[in-house]
Amino acid sequence: MTRSPVERFASLCATVVRYLPLGLNTLVPPSFVGFALINGFTFGVDLLLLTLGHGVAGLPLPVAITVAYVCAFALSFVLNRVFNFRSHAPVGRQAVRYAVAVAVNYFAFILGAGAGLAALGVQYHLARLVAGACEAVFLYSVLRWIVFIDRRRG
């Protein structure tokens, strides 16, 4: 029997959790591993688009950050919904909750921390990495307990 890509992704995440050291396998849910994999990939997309927009095309940094951010987070929403949280709830309400979370994240971490650090003289890639670490904690929490919550499971 052939497993779907969604089932294979879930199996991969569960396998990674099983091999975590120091008792972390009892604390870290597979959805966190899935989030890390998906958002690691989309963060790479974000950095690539930022580099192309600002470093190559010469867009002003806030514009390049915004374009890269919107593209990466649209991709993140779809991948997390389908592969990680395997949600079948109505997409409309989830998209609205996600858009609010992304807006908060954008102003607090991306422009606040990312562009703020860059304005203070931190190289813009490093500033984006610091902001990315902050947003990862915030966004996983929001996705797991607000956006993709399965109210039937509690």
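The values are calculated or read from the model by the stated rules, or taken from the named source; none is laboratory data. In this text, all values refer to a predicted model and were calculated from it rather than measured experimentally. Because the Cβ atoms are built from the backbone with ideal geometry, glycine has one as well, and the counts that use them run over all protein chains shown.
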Residue under question is V104, and the condition is that it be surrounded by fewer than 16 Cβ atoms within 10 Å (Cβ to Cβ), under 16 Å from the mean Cα position of the chain (by Cα) and modelled with pLDDT of 95 or more; does it hold?
no
Select, from Y140, Y98, Y106, Y124, the only residue that is within 25 Å of S11 (Cα to Cα), of a type in the set (F, W, Y) and touching a helix residue (DSSP H, G or I) at 6+ places or on another chain (Cβ under 8 Å).
Y140
The residue that is farthest from V96 (Cα to Cα), considering only those in the range 43-86 that are of a type in the set (S, T, N, Q) and buried (at least 20 other Cβ atoms within 10 Å of the Cβ), is N84
Which numbered condition S4 fails, given (1) closer than 27 Å to D150 by Cβ; (2) within 20 Å of the chain's Cα centre (by Cα); (3) of a type outside the set (K, R)
(2)
Can you report the number of residues in the range 7-59 which are part of a helix (DSSP H, G or I), within 20 Å of Y140 (Cβ to Cβ), hydrophobic (A, V, I, L, M, F, W, C) and more than 15 Å from the chain's Cα centre (by Cα)?
8
